[in-house]
Each structure stands twice: as structure tokens, then as C-alpha cells.
1. Could you name every one of the helices (runs of 4 or more DSSP H) located completely within segment 234-333 that has at least 1 residues being hydrophobic (A, V, I, L, M, F, W, C) and at pLDDT 80 or above?
2. Could we say that LEU356 is assigned to a helix (DSSP H, G or I) and closer than 23 Å to SER390 by Cβ here?
3. Just need a number here: residues in segment 394-427 that are modelled with pLDDT under 80 and outside any helix (DSSP H, G or I).
4. Just give me the residues in segment 172-198 being within 13 Å of GLU49 (Cβ to Cβ), of a type outside the set (Val, Ile, Thr) and in contact with a Ser or Thr (Cβ under 6 Å, 6 or more places away or on another chain), in sequence order.
5. Pairs, please: C-beta under 8 Å, at least 6 apart or cross-chain, first residue farther than 17 Å from VAL162 by Cα and in segment 382-394, second surrounded by fewer than 23 Cβ atoms within 10 Å (Cβ to Cβ) and basic (Lys, Arg)?
6. Output the residue which, of all residues in segment 335-345 that are small (Gly, Ala, Ser) and in contact (Cβ under 8 Å) with a residue 12 or more places away in the chain, is nearest to MET319 (Cα to Cα).
7. Using beta carbons and a limit of 7 Å, which pairs, at least six apart or on different chains, have the first residue in segment 346-366 and touching a residue at least 24 places away in the same chain (Cβ under 8 Å) and the second one of a type in the set (D, E, K, R) and surrounded by fewer than 19 Cβ atoms within 10 Å (Cβ to Cβ)?
8. Go through GLY335, GLY316, GLY291, GLY361 for me and flag whichever is more than 29 Å from ASP185 (Cα to Cα) and either buried (at least 19 other Cβ atoms within 10 Å of the Cβ) or out of contact with any Cys (no Cβ under 6 Å at 6 or more places or on another chain) (or both).
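The values are calculated or read from the model by the stated rules, or taken from the named source; none is laboratory data. Note that the structure is predicted; figures quoted are calculated from it, not measured. Cβ sites come from the backbone with ideal geometry, for glycine too, and all protein chains shown count toward neighbours.
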Amino acid sequence: MADASRFAQLRDATRLYLQPRPLTLLFLGFSSGLPILLVFSSLSFWLREAGVDRTTIGYFSWVALAYAFKWLWAPLVDRLPLPLLTPWLGRRRSWMLLSQLAIAGGLVLLAFAEPTQSLTHMALIAVLIAFCSATQDITVDAYRIESADERLQAAMAATYMVGYRLAMITATAGVLSIAAFWDPDEATYQQYPWQMAYLTMAALMAVGVITTLLSPEPNVIVNGELSAQQEKIQHWVERQGHLPPRLARLAGWLYIAVVCPFADFLRRYGWHAVVILALISTYRISDIVMGIIANVFYVDLGFTKAEVATVTKVFGVIMTLIGALAGGVLVNRFGVMKILFIGALLAAATNLLFALLAVSGPQVPLLTLVVSLDNLSAGIATAAFVAYLSGLININYSATQYALFSSIMLLLPKFMGGFSGITVDAIGYPTFFIGTALLGLPVLLLVLIAARLQKKTEINSNNSHLQTRIE
């Protein structure tokens, strides 16, 4: 009887992933995950093979800081309609389509760039791609949050992460496989193989474009609180007789778009916001700082493009799927905070395996183990983290608030990661990887504190509701 009950629970959990919204997020996740590593670790592999030094490559990774500052233009994406596109597709899908087409165009430009001739030119194109990719992330995150109720968010986060991680593997193993296929001689640098690889990635952005065109726009109802705010601000605008009408309306719009999302978060969480923001800013620090130098590490250790591609393409895909789907099921079964803690512990611990690989030399079986466990832990941790961030959002400001949280998540790790090349030059790979694992220890403490505060808040809220009923 107990076995039948457990089977029924597993069946119901699996059915969540077959609903239209989670399936849509699978493809949008792929579109979101494809560009980031093309201007990050895969580009690092390309630059290293072209003879660019580690320190320069480390600094080059700051291109990805565009993702950490997306909250600056998220209010515009949240509120500003696009001519022609918004009336046709709606608020979210119009921005998604524009950013996806721009990413594809940027990847085409990057494919024809040459690192041995103009690194500055490549950096500018990479910044453009990162900006457009961050804009796509803003809209996809808002689309996900607005598309379904809280019960489906964990499943949607899981399918989103499956698509995202599959895209990341495509942008690493796929790129390396294509480049290796077109490379006549691994011993010498050739631009043409990388050109073919990046043109293929540009074509794969069609997955996001087609999904955007076929998906329905979320039907979001503005609640009474936001309507009251808008009415209040409109009255304030009308009273500003000394301001030109257009300037007064612009001031009111900016207040709603920019100030209100941040003020709402602080009002709802009070001083707990400090702990929440500290957790968000450090949760991914171990794997992001390590990930910047990972592909450079593979090159320096002596692995070929084909070896790295084969391992990540097979075992990386399998373990990514298992990790992301398991993360969604575990969050649904045990709650966000417990899996958030386990994910942080696993993400830090797997960095120690990279230290072991560094002292063991280019052994493909060990590389397989390291990549497999790293992808498994990343899938679990990211699914839990996305679900945690989604639970913090006020749906009236979904794009801006999620952009703020995900930007904070990347700012410190990306900045620190920029020094990874010079750090490795100074202390070596084994010590560096051990150091990135130790960076994850404070995260565990922050998860425990945040979980205790959340529980305390829920108890107080339940007591307040009970007192209201008694009265």
C-alpha cells in the first residue's frame, strides 16, 4: 500500500512537467542559456587556443557583468512598450523576440571576429551579446513568474533549468565538437572552426524565436494595491503645475517603474532584506568563480577539444537532466530551504574534485567523474535557487524585482572571477580550486539564517491570521 502511494506521488510529480507552461519554459530556458557561455567559458577556450594569456582572459570575463547590472534597464523592459511589436505580441513576448534576434545577430558578428587581430572588437561584440542576453533573461523570468501560480513555479523552474543547462552544454560541448570537427590540426590555431561553431549557435537562437511566436502572452491582472499607487501618483502629477505636462508624466512613470519595485521589497521584508540580499549575492559564488577558468584549465592540463566535448556532451547532459528534474521534485517534496542548503553544499564540495584533477593530470575517466558530479550539483542548486527567488517576487513588479535579485546574484562572483586568471598564475590551480570551495562555507550559514527568519515570519503570519479570525 505504501509502495502504491509513493508511486502515485511520483506520477503526480512527473505530470507537472508535461503541462504546457513547463514545456514552454523548457525551450525558453534553452534560448536563455545559450548566449552566456558563448561570451564566457567557450570564448575563453577560443582565446586561450589563440594564444591570449590567462590574465587577459580573466579580465575578459567581465563582459558577463552585463548580467549583473540588468536591474538598471529592467524597469524599462517591465513597463515600456515597443512600437509595432508590443501591439502584436504583448508586453513580454515583444521584448523576448527583439532580444533573441539581436543575440543571433551579435553571434554572427562574433563568428567573423579574430582574437589575434583585435581583442577590443571582440570585447565590444561580446558586450552587445551579453546586454541583449541579459534583456532576454529579464523578460523570460517575468514571463515564467506571471504564467502560472505558485504550485507550478518549482516545475517551471526545473524545466527552465533543464533547457538552460542543455543550452549551456550546447554552448560548450557543442561548440567544441563543431570546432573540433572543422579543425584540420589541433596543434595549430585556426579561426575557421570557431567561425563555423559560432554561426551554428546563432542559428540555434531560432529555438527561442519560434517558441516566443507560438507561446501565449501571460494574462496578468493588476491588483488593487498597484492600482491605488498608480492613482495616487497620477494625482501627484496633476498637482505639479510648475512642471511641463510631459515631464510630470515622465516623473510619475519613472516612480512607478523604478522606485516602487525596490520600495515594495524593502517594505515587505524589512531588515530581513539584508540577510536575503546577502544570501542572493553569494549563493553561486563557488561555481561562478571556478567556472570562469574551467575551460582554460582544461586546455592547460592537456585535454583536447574533442575530449572535453565528448565528456560534457554525454555525461554533462545526463547529469544535468537528472540534477534539474530532481531539484524540482525535491523542492516540491521537501521545500525550498532544505534543498537550497543541500545544493550550496554540493556546489562547494564538487570544486574540490577540480583540485584533485589538477594534481592528477589529464585523465579522461576522472574528468568524466568531475563533470558529472559538477553538473548534478549545479542542477539541484540552481533549481532550488530559482524557486527561492521566484517566491520573493511581487508579481506586480516581476521583471524588475527578479532582475534585481539575479543581478545581485552575479555581481560579486563575476567581479571576483575577473581576477581568477591572475590568481591561478600566483597560486596554481589546486590551491585556487580549494579556495573556491571555501568560498561556499559562509553561504551555508546564510541559508540557515534565512530559513530560520522565514519560519519565524510564517509563524507570526499564521498567528496574526488566527487572531483576526478570533476577533
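1. Numbers: elements: 245-254, 260-269, 272-282, 285-301, 305-311.
Those helices (runs of 4 or more DSSP H) span 260-269, 272-282, 285-301, 305-311.
2. Working: assigned to a helix (DSSP H, G or I): yes; closer than 23 Å to SER390 by Cβ: no.
Criteria not met by LEU356.
3. 1
4. GLU186 - this is the single residue of segment 172-198 that is within 13 Å of GLU49 (Cβ to Cβ), of a type outside the set (Val, Ile, Thr) and in contact with a Ser or Thr (Cβ under 6 Å, 6 or more places away or on another chain).
5. Pairs that qualify, where the first residue is farther than 17 Å from VAL162 by Cα and the partner is surrounded by fewer than 23 Cβ atoms within 10 Å (Cβ to Cβ) and basic (Lys, Arg), are ASN394/ARG268.
6. Among those residues, the one meeting the criterion is GLY343.
7. Between residues of segment 346-366 that are touching a residue at least 24 places away in the same chain (Cβ under 8 Å) and residues that are of a type in the set (D, E, K, R) and surrounded by fewer than 19 Cβ atoms within 10 Å (Cβ to Cβ), the close pairs are VAL364/GLU307.
8. Being more than 29 Å from ASP185 (Cα to Cα) and either buried (at least 19 other Cβ atoms within 10 Å of the Cβ) or out of contact with any Cys (no Cβ under 6 Å at 6 or more places or on another chain) (or both) holds for just one of GLY335, GLY316, GLY291, GLY361, which is GLY335.
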